[in-house]
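One structure below.
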Amino acid sequence: MSDSSDDEYETPQDVEEEVEEEEVKSFAELGVNEVLCETCERLGWKKPSKIQAATLPAALSGKDIIGLAETGSGKTGAFAIPMLQELMEAPQKIFGLVLTPTRELAYQIADQFRALGSSMGLIVAVIVGGVDKVQQSLALSRRPHIIVATPGRLVDHLEETKGFNLRSLKYLVMDEADRMLNLDFEVELDKILKVIPRDRRTFLFSATMTKKVSKLERASLKDPERIEVSSKYKTVDSLAQYLLFVPQKYKEAHLVHLLNEKAGNSFIVFCATCQGVMKTTLMLRHLGFPALPLHGQMTQAKRLGSLNKFRSKERSILVCTDVASRGLDIPHVDVVINYDVPIASKDYIHRVGRTARAGRQGVAVTVVTQYDVELYHKVETLIGKKLDKYPVNNAEVQLLSESVTNALRLASGEVKELQKTKFANGKKKLGDSAYLDDGDADEGSSKYLKKGKGKRKAKGGGPGGDKMKMKRLR
């Protein structure tokens, strides 16, 4: 993906309304009805977030909204509450459509809708890729109240599913609009906008205001109220951010040392590519770390499996691409590691936003090699600050180097074999790699380890051996 920093941003002067520091009103004072207020209280939403406090009065009064807010700010509640309140007043099927850039975010938004609509018998359908179309067609035939979808799969159903249309739609929400446009969903969005009623309410939410988002706003919204709770790209104060400058040759060893040094925490490790996720996950499993993969080439079932195991704390390390950098709310993440510096500098904001959420403390470490300096300078320019150097014991890293190199060699071999057999007989052979078998993640179990497992264990190179060696280094 190209660096979207080439896509110019709107200046803060373009913002028509900013949220000023003032005492936050309650949901009831903002116009939310009693049933939804009680639901919010039950969910632990004691008071509205900044974006909710700014958005709800305008949204409840019938205006279109364009909301700009940093990740983890409560945007879902800002559009879900007005939609559900109007649905309670005038019930109908196929009432609202929410478009999101990723499957994981779609499921998360659907869960929040179900929670908020638990007292009104709300029916929500999730329409995303990687799931059987027949089952989705059945779900659509039941005419749900709310559809949460990724643009590509929704267009497939509009074109192929008999009897399905959006002619009765009252609400359209485009969440993480900048991300959708970066993923080249313009064609799909255009098709969707052509088949939905012009007489509708439209909410557009985005973390950043690019020229593309501005163009989409003009094409889809009518006299919108624009609300921005932060005009700068900044991170929260409770986040400690560090730079780890390392030679490319010892990059993997530094990652392992960092994971070992902060053992007991939960980690998200961001890689630039799907292959990078595969290789890093396998390497960590060979060293005994309970690592899970998450990237766009996995089946939907395995993606959800990885997320659920990480969210439930069954596994403590999630290795992923930027598919997990937006919108996902996993409160217990302690450390974010940018193993690869993001190509699009603003993705740094979204990555590190996975930790230090809702006032919690968090740590973000960005690993920079001699080949990443230019990308790293773009990040520094964006956030307007220089990161502190992360203290590291190079002697301990050197001690880990041999075992890490062996694990990386095994991981690279398995990745190559997986690629060779990936499309055997025209089908992906998803079961041939331990990388794809989340069940064995905590054991570092793969076919490479199973062959002669005892031999490597005696040398200290198996899953238990490396873990014990690293424990002694602490």
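The values are calculated or read from the model by the stated rules, or taken from the named source; none is laboratory data. In this text the structure is predicted, and so the values were computed from the model without any measurement. All Cβ positions, glycine included, derive from the backbone under ideal geometry; neighbour counts span all protein chains shown.
Miscellaneous remarks
- Filtered residues of the stretch 143-166 (kept if of a type in the set (D, E, K, R) and part of a loop (DSSP other than H, G, I, E, B)): R143, K162
- For the stretch 289-315, the set of residues classified as touching a Pro at 6+ places or on another chain (Cβ under 9 Å), in a loop (DSSP other than H, G, I, E, B) and buried (at least 21 other Cβ atoms within 10 Å of the Cβ) consists of F289 only.
- Selection within the stretch 234-283 - in a loop (DSSP other than H, G, I, E, B) and out of contact with any strand residue (DSSP E or B) (no Cβ under 9 Å at 6 or more places or on another chain): K234, D237, P247, A263, G264, A272, T273
- G130 being without any contact (Cβ under 8 Å) to a residue 24 or more places away in the chain, assigned to a loop (DSSP other than H, G, I, E, B), in the same structural domain as K212 (by TED's automatic domain parsing) and more than 13 Å from T100 (Cα to Cα): no
- Of the helices (runs of 4 or more DSSP H) lying entirely inside the stretch 1-107, those carrying at least 3 residues that are at pLDDT 90 or above and of a type in the set (D, E, K, R) are 34-42.
- Given (1) at negative phi; (2) in contact (Cβ under 8 Å) with a residue 60 or more places away in the chain; (3) of a type outside the set (K, R); (4) touching a helix residue (DSSP H, G or I) at 6+ places or on another chain (Cβ under 7 Å), number of the condition F113 does not satisfy: (2)
- Top-ranked residue of the stretch 265-300 - restricted to ones that are touching a residue at least 40 places away in the same chain (Cβ under 8 Å) and of a type in the set (G, A, S), ranked as farthest from V323 (Cα to Cα): G288
- Filtered by the rule that a residue be in contact with a Lys or Arg (Cβ under 8 Å, 6 or more places away or on another chain) and either small (G, A, S) or buried (at least 23 other Cβ atoms within 10 Å of the Cβ) (or both), the stretch 91-100 gives a lone residue, G96.
- The single condition among (1) over 18 Å from G264 (Cα atoms); (2) buried (at least 17 other Cβ atoms within 10 Å of the Cβ); (3) polar (S, T, N, Q); (4) out of contact with any Phe, Trp or Tyr (no Cβ under 6 Å at 6 or more places or on another chain) that T381 does not meet is (2).
- Residue in the stretch 333-348 that is outside the structural domain of T210 (by TED's automatic domain parsing), outside any loop (DSSP other than H, G, I, E, B) and of a type in the set (D, E, K, R) present: yes
- Criterion applied to L258, L216 was being in the same structural domain as S73 (by TED's automatic domain parsing) and on the phi < 0 side of the Ramachandran plot, and the one residue passing it is L216.
- Filtered residues of the stretch 186-232 (kept if of a type in the set (D, E) and touching a residue at least 40 places away in the same chain (Cβ under 8 Å)): E217, D223, E225, E228
- Qualifying residue in the stretch 227-245 (condition: within 17 Å of D175 (Cα to Cα), touching a Leu at 6+ places or on another chain (Cβ under 8 Å) and among the charged types (D, E, K, R)): yes
- Pick from the stretch 387-399, criterion part of a helix (DSSP H, G or I) and in contact with a Phe, Trp or Tyr (Cβ under 9 Å, 6 or more places away or on another chain), ranking: nearest to I337 (Cα to Cα): V397
- The residues in the stretch 194-225 that are closer than 22 Å to K75 by Cα and either surrounded by 15 or more Cβ atoms within 10 Å (Cβ to Cβ) or touching a Pro at 6+ places or on another chain (Cβ under 6 Å) (or both) can be counted, and the count is 20.
- Across the stretch 123-149, the qualifying residues are those that are of a type in the set (V, I, T) and over 16 Å from F113 (Cα atoms), and the one among them that is surrounded by the most Cβ atoms within 10 Å (Cβ to Cβ) is V128.
- Considering the stretch 359-392, the residues that are at pLDDT 95 or above and polar (S, T, N, Q) include one that is nearest to the chain's Cα centre (by Cα), namely T366.
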